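> Starting off with a structure, shown below.
The values are calculated or read from the model by the stated rules, or taken from the named source; none is laboratory data. Small disclaimer: the values here were computed from a predicted structure and weren't measured. Please note: Cβ atoms are built from the backbone with ideal geometry, for glycine as well, and neighbour counts cover all protein chains shown.
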Amino acid sequence: PAESSKPKFYALSMFPYPSGNLHMGHVRVYTIVDVIARHKRMQGFRVLNPMGWDAFGLPAENAAIERNIPPAKWTYANIDQMREQLKDLGISFDWDKEVTTCSPDYYQWTQWLFLQFLNMGLAYQKEALVNWDPIDQTVLANEQVDSEGKSWRSGAKVERKQLRQWFFKITDYAEQLLQDLDQLSGWPERVRLMQANWIGKSIGAHVTFTTQDGDDLTVFTTRPDTLWGATFMVISPEHPLVEKLTTPAQSEAIKAYQAEAAGKSEMDRTAEGREKTGVWTGGYAINPVNAEKIPVWIADYVLVDYGTGAIMAVPAHDQRDFEFAKTFNLPIKVVVQPQDQTLDGETLAAAYSGEGVMVNSEPLDGVPAGKGKGKSVEAAIAHLEAIHKGKGTSNYRLRDWLISRQRYWGCPIPVVHCPQCGVVPVPDSELPVKLPDNVEFSGKGSPLAKLEDWVNVPCPTCGTPAQRETDTMDTFMCSSWYFMRYPDAQNSGAAFDPAVTNDWMPVDQYVGGIEHAILHLLYSRFFTKVMRDRGLLTCDEPFKRLLTQGMVQGKTYKNPKTERYVIPQNIKDLANPVDPETGDALEIVYEKMSKSKHNGTAPGEVITKYGADTARMNILFKAPPEKDLEWDDADVEGQFRFLNRVWRLVTESSVGAKGIAPSSSTKPLIKAEKDLRRAVHTAIKEVSEDLQDEYQFNTAVSELMKLSNALNDAGIKQSGVYTEGIETLITLLAPFAPHIAEELWKQIGKTSSVHQQPWPKLDPDALISDELTLVIQVMGKTRGTVQVPASATREELETYARTSEVGQRYLEGQTVKKAIVVPGKLVNFVLS
RNA sequence: GGGGGCGUGGCGGAAUGGUAGACGCUACGGACUUAAAAUCCGUUGACUGUAAGGUCGUAUGGGUUCAAGUCCCUUCGCCCCCACCA
């Protein structure tokens, strides 16, 4: 059929960072996506299976600093090398759709997308706390700060610093991003849960207190019903009202605490454990429901960017508040009384959060405590809304996405800061804002900010001297829309033609690592929704189905005493490994491949020695795709043997396949032929099923092995059924081992490509057997089997079982109370 | 602390509630070979038995069922995500 009339299938694998070398993890993802793509093509789909490069990022800048190689040169050299390695693996990518995020052809449109967000009010600037390296004069990502709070490069103690940063308002889409998870039935449940968890919706209320100065002080709480038990308030050290609330007497202590909190990284704050710290501002707020005057404290356990950055503290019913109250000797007031005991704030040993009824909470007294219809939370919200002091609301853990980075090797943010006009977008006609290449890399400060020629430009609006933004974008920006670009990768006039991209979207199958379960997938979903609202996409969700493949782990020889990893070459007897230095017995454990563990295997070595097909087969066969895979070079031999067996089966002994036409229905089949044909069609059924719903490549490969074994054992090599079997084996093998399959296809005299063959069609009649193996159970225990005609009725099955040798042996002298007959399977005799 | 997952031979792993251990690796035995490699054949959950066979067996203890690796509850162990989240 014409290409355009076929149904579409968009297969997508997460594009790699071009580090320069393919590792086993890459081999795994791309082999998986390739099997899927090849199978779909044979099934008659038009398939898009593109590849590209997530090419901005730190390693290129590090190479520039350490080895004085320009980041672009380093990156493109790596891309060329990895592209060749992927081709060696035989992955059927559509190379004409290749995208490279660091190429101006691509990042021009990343910039354009940024401006769409800006126009739509979804991009904004605000001060934010960042990790600042005082020696290198640069901002650090969280991953670049070690567990002791020091910079990975300079070793300097990292500071927290307020800097003006760009954000995307992903929080505007929090509810949609949460709701639409329900549509993603083709995603692993755990990924959906991780996303839901990350968005972190909690339902509760905003409650407005009034400070002594008459300012509103709003808190978010999931338990507004316990408001009557609030005995103090805690606001974060960065809260805007801190200064106003602080009395002169407390001023010094508050400032000291604020400074201490500011100096701490997030690591430090959590590393401290659970001990509560805080300082009283000296100020008070009025509880809106009972007019009680309660003190306002600051403490770093209240986070400025969660909720409203302020909480009401109910020590009787919240453990954190309880600990705080005990530490600082604050009053504890019980407002929920359980049925079976009487709580007293004075003697309480821990916060009580169980069931009970409301007390000391007029007008809620007597209402059952808790969430749900007719319970106290609902009643409290109704009361608050009635007195206009609060309202029911939801809060999300999700925060706006900080997209700016103070780095060179990223996509420049296309705005100009004008003293007259403020933030001015660079006009579309002047995009892309290109990264300058005459840059010096000292490792200190932002290289872009130092380039005066580049920074100083006239304002696009008013023409007065202005400055370019010198921040670049988070690389997650580039990867949040690449799948929209692929279908129309060559378009030089737009990010993509909606007609073209909408034809392919959504992605039918996405394959990638679980490490992207949250950020990349969430950002991509966010971008898709924004593009939909911008009128460019028609789908709500970008990825219909998601497969998260497990890690590839390498075999390590570990000394359990010294915790050291021994180089395998240094071990004399690998079967009984012993540490050559200490003499300790080594244990074999599989861990993430790394140089320091001496457990890496370069895919290139395997390909050179055994061929790409062997590498592919081994990685598919060793474990189900979503599980971690233990790579052992020794196993590769097994796959190599299998492919060699198939090779010999076809080339040496296949007289039939070469000269004899596949089975025709003109002649009745003899039993051996029927048996072989059943094996052939069982393989078609099983392999097809394994590639259909849940991808189970490991069992698919084992079915191919079974078919190969059946053909090998068949004594009817002159039969047309044998020819059918050989042709089927090669065709089924094609998506898995494309090179060998193609070669064998030529060997049996075909002129077309095996990859253009239709996927083998199952003949259900071929599966039908004249006989079946009936299992005989007595009291649920399997006692034996008997061959019976497949056509036997229930009654006949029971009789066959009874009269069989096994049946007679076990039933002699026994009374059968009941016989359970499962047609086609078994008979179970229940004795009295 | 919250959420989720997993536990099956020496190993990787198979099993719509219906013969547990498919398929493969390792190991052992044999054939071929002057020899080795490769290849081919056989054995390979434990205990027991000359054998036919029997008993036990899917982390643990219980339950549901004619029948449980599979469903329900207990306990133990491991892994992942989030986490002073109000």
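> Can you name every one of the helices (runs of 4 or more DSSP H) wholly within region A:715-832 that holds 3 or more residues which are of a type in the set (Ser, Thr, Tyr) and crowded, with 18+ Cβ neighbours inside 10 Å?
A:720-733
> Right, here's the next one. Going by the structure shown, is A:Arg485 more than 16 Å from RNA strand B (Cβ to nearest atom), in contact with a Gly (Cβ under 9 Å, 6 or more places away or on another chain) and part of a helix (DSSP H, G or I)?
yes
> Sticking with this one: Note down all Cβ pairs under 7 Å where the first residue falls in region A:184-209 and is within 28 Å of A:Arg545 (Cα to Cα), the second is among the aromatic types (Phe, Trp, Tyr) and within 11 Å of RNA strand B (Cβ to nearest atom), and they're at least six residues apart or on different chains.
A:Ile199/A:Tyr396; A:Gly200/A:Tyr396; A:Lys201/A:Tyr396
> Out of the residues in region A:591-627 meeting the condition of being outside any helix (DSSP H, G or I) and of a type in the set (A, V, I, L, M), tell me which one is farthest from A:Tyr30 (Cα to Cα). Reasoning before the result, please.
First, the residues of region A:591-627 that are outside any helix (DSSP H, G or I): A:591-594, A:598-602, A:611, A:622-627.
Among the residues that remain, those that are also of a type in the set (A, V, I, L, M) are: A:593, A:602, A:623.
Numbers: A:Met593: 18, A:Ala602: 15, A:Ala623: 16 Å.
Per the criteria, the residue is A:Met593.
> Which helices (runs of 4 or more DSSP H) sit wholly inside region A:158-268 and have at least 3 residues that are away from RNA strand B (no atom under 16 Å from the Cβ) and more than 30 Å from A:Asp508 (Cα to Cα)? Walk me through it before giving the result.
Values: elements: A:174-179, A:189-199, A:242-245, A:248-263.
So the answer is A:242-245, A:248-263.
> Still on this model: Tally the residues that are farther than 15 Å from A:Ile294 by Cβ and out of contact with any Asp or Glu (no Cβ under 9 Å at 6 or more places or on another chain), restricting the search to region A:187-212.
15
> A further question on this structure: Of everything in region A:501-522 that's among the aliphatic types (A, V, I, L, M) and within 15 Å of A:Arg545 (Cα to Cα), which residue is farthest from RNA strand B (Cβ to nearest atom)?
This residue is A:Met505.
> Of all residues being touching a residue at least 40 places away in the same chain (Cβ under 8 Å) and of a type in the set (Lys, Arg) in region A:511-557, which is surrounded by the most Cβ atoms within 10 Å (Cβ to Cβ)? Just the residue, please.
Across region A:511-557, the extreme among qualifying residues is A:Arg525.
> Determine whether A:Asp579 is surrounded by 14 or more Cβ atoms within 10 Å (Cβ to Cβ) and near RNA strand B (Cβ under 9 Å from one of its atoms). Walk me through it before giving the result.
Working: surrounded by 14 or more Cβ atoms within 10 Å (Cβ to Cβ): yes; near RNA strand B (Cβ under 9 Å from one of its atoms): no.
Considered against the rule, which asks whether it is surrounded by 14 or more Cβ atoms within 10 Å (Cβ to Cβ) and near RNA strand B (Cβ under 9 Å from one of its atoms), A:Asp579 comes out as no.
> One residue is enough: does region A:746-755 have a residue meeting the conditions free of Cβ contacts under 8 Å to residues at least 60 places away in the same chain, under 30 Å from A:Asp508 (Cα atoms), within 15 Å of RNA strand B (Cβ to nearest atom) and of a type outside the set (Asp, Glu)?
No, region A:746-755 contains no residue that is free of Cβ contacts under 8 Å to residues at least 60 places away in the same chain, under 30 Å from A:Asp508 (Cα atoms), within 15 Å of RNA strand B (Cβ to nearest atom) and of a type outside the set (Asp, Glu).
> Hey, another quick one. For residues that are of a type in the set (Asp, Glu) and part of a loop (DSSP other than H, G, I, E, B), tally how many sit in region A:693-714.
Residues that pass the stated criteria total 2.
> Tally the residues that are within 21 Å of A:Trp109 (Cα to Cα) and basic (Lys, Arg), restricting the search to region A:414-471.
Residues in region A:414-471 being within 21 Å of A:Trp109 (Cα to Cα) and basic (Lys, Arg): 2 in total.
> Please work out which residue is farthest from RNA strand B (Cβ to nearest atom), limiting yourself to region A:628-642 and to residues that are assigned to a helix (DSSP H, G or I) and surrounded by 17 or more Cβ atoms within 10 Å (Cβ to Cβ).
Filtering region A:628-642 for residues assigned to a helix (DSSP H, G or I) gives A:633-642.
Add one more test, that the residue is surrounded by 17 or more Cβ atoms within 10 Å (Cβ to Cβ), and what stays is A:636, A:639-640, A:642.
Working: A:Val636: 9, A:Gln639: 7, A:Phe640: 7, A:Phe642: 6 Å.
Across region A:628-642, the extreme among qualifying residues is A:Val636.
> Give the residues of region A:573-604 that are modelled with pLDDT of 80 or more and polar (S, T, N, Q), sorted by residue number.
If the condition is that a residue be modelled with pLDDT of 80 or more and polar (S, T, N, Q), then A:Thr582, A:Ser594, A:Ser596, A:Asn599, A:Thr601 are the ones that fit.
> Of everything in region A:285-318, what is within 12 Å of RNA strand B (Cβ to nearest atom), hydrophobic (A, V, I, L, M, F, W, C) and either surrounded by fewer than 17 Cβ atoms within 10 Å (Cβ to Cβ) or part of a loop (DSSP other than H, G, I, E, B) (or both)? Give them in sequence order.
Listed by number, the residues that qualify are A:Ala299, A:Val302, A:Leu303, A:Val304, A:Val314.
> With A:Tyr810, A:Tyr800 as the choices, which residue is under 25 Å from A:Lys671 (Cα atoms), hydroxyl-bearing (Ser, Thr, Tyr) and within 16 Å of RNA strand B (Cβ to nearest atom)? Step through it out loud before you land on a result.
On the way: A:Tyr810 fails: under 25 Å from A:Lys671 (Cα atoms).
That would be A:Tyr800, the only listed residue that is under 25 Å from A:Lys671 (Cα atoms), hydroxyl-bearing (Ser, Thr, Tyr) and within 16 Å of RNA strand B (Cβ to nearest atom).
> For A:Ser663, all conditions in the list (1) more than 10 Å from RNA strand B (Cβ to nearest atom); (2) at pLDDT 90 or above; (3) under 26 Å from A:Gly749 (Cα atoms); (4) not β-branched (Val, Ile, Thr) hold save one; what is the number of the exception?
Among (1) more than 10 Å from RNA strand B (Cβ to nearest atom); (2) at pLDDT 90 or above; (3) under 26 Å from A:Gly749 (Cα atoms); (4) not β-branched (Val, Ile, Thr), A:Ser663 violates only (2).
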